[in-house]
Amino acid sequence: QVHLVESGGGLVQAGGSLRLSCAASGSIFSINAMGWYRQAPGKQRELVATITSGGDTTYADSVKGRFTISRDNAKNTVELQMNSLKPEDTDVYYCAADVRSSPWSVLLRYWGQGTQLTVSS
């Protein structure tokens, strides 16, 4: 079993900054992509940013230039630095990791429990 634990959410004013962190633990042989997704009530979960084990990144158009994703492969952690926050960034943010638990196992996606970000105007 693999567990992802997020931290760093909270309340921030528009224009402010916040950093989200996520640590993966458990039965981990390797992690391919790690990423952050967000979801508002009644809406589908959407991609915010992803990063491969090699450091290649992708971002949603809505966060490009404002958010930066990074990871520490040795510690199995991923972070999301969020700057110039807007009220429309308010959502529950979820960490995700594509994990292989052994050299022979399939790749499975695990999710964190989610952390609330609220940006006030």
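The values are calculated or read from the model by the stated rules, or taken from the named source; none is laboratory data. For clarity, every value in this text was computed on a predicted model and none was experimentally measured. Ideal geometry is used to build each Cβ from the backbone, glycine not excepted, and the neighbour counts take in all protein chains shown. Surface areas here come from the heavy atoms of the whole protein model, side chains and all, with no ligands, DNA or RNA. Shrake-Rupley method; radii C 1.70, N 1.55, O 1.52, S 1.80 Å.
For (1) among the small types (Gly, Ala, Ser); (2) within 14 Å of Gly112 (Cβ to Cβ); (3) at pLDDT below 95; (4) part of a strand (DSSP E or B), each residue gets a yes or a no:
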{"residue": "Ser25", "(1), (2), (3), (4)": "yes, yes, no, yes"}
{"residue": "Lys43", "(1), (2), (3), (4)": "no, no, yes, no"}
{"residue": "Val63", "(1), (2), (3), (4)": "no, no, no, no"}
{"residue": "Ser84", "(1), (2), (3), (4)": "yes, no, no, no"}
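If you take the residues in the range 91-115 that are over 12 Å from the mean Cα position of the chain (by Cα) and open to solvent by 60 Å² or more (accessible area, probe 1.4 Å), which one is nearest to Pro41 (Cα to Cα)? Within the range 91-115, the match that is nearest to Pro41 (Cα to Cα) is Arg109.
Per the listing Tyr110, Tyr37, the residue uniquely within 15 Å of Glu6 (Cβ to Cβ), among the aromatic types (Phe, Trp, Tyr), touching a residue at least 24 places away in the same chain (Cβ under 8 Å) and touching a His at 6+ places or on another chain (Cβ under 9 Å) is Tyr110. Each residue in the range 27-39 was checked for being assigned to a strand (DSSP E or B) and either basic (Lys, Arg) or open to solvent by 40 Å² or more (accessible area, probe 1.4 Å) (or both), and 3 pass.
Here the range 40-62 is the region considered, the condition is being in contact (Cβ under 8 Å) with a residue 24 or more places away in the chain and more than 13 Å from the chain's Cα centre (by Cα), and the residue that is least open to solvent (accessible area, probe 1.4 Å) is Ala40.
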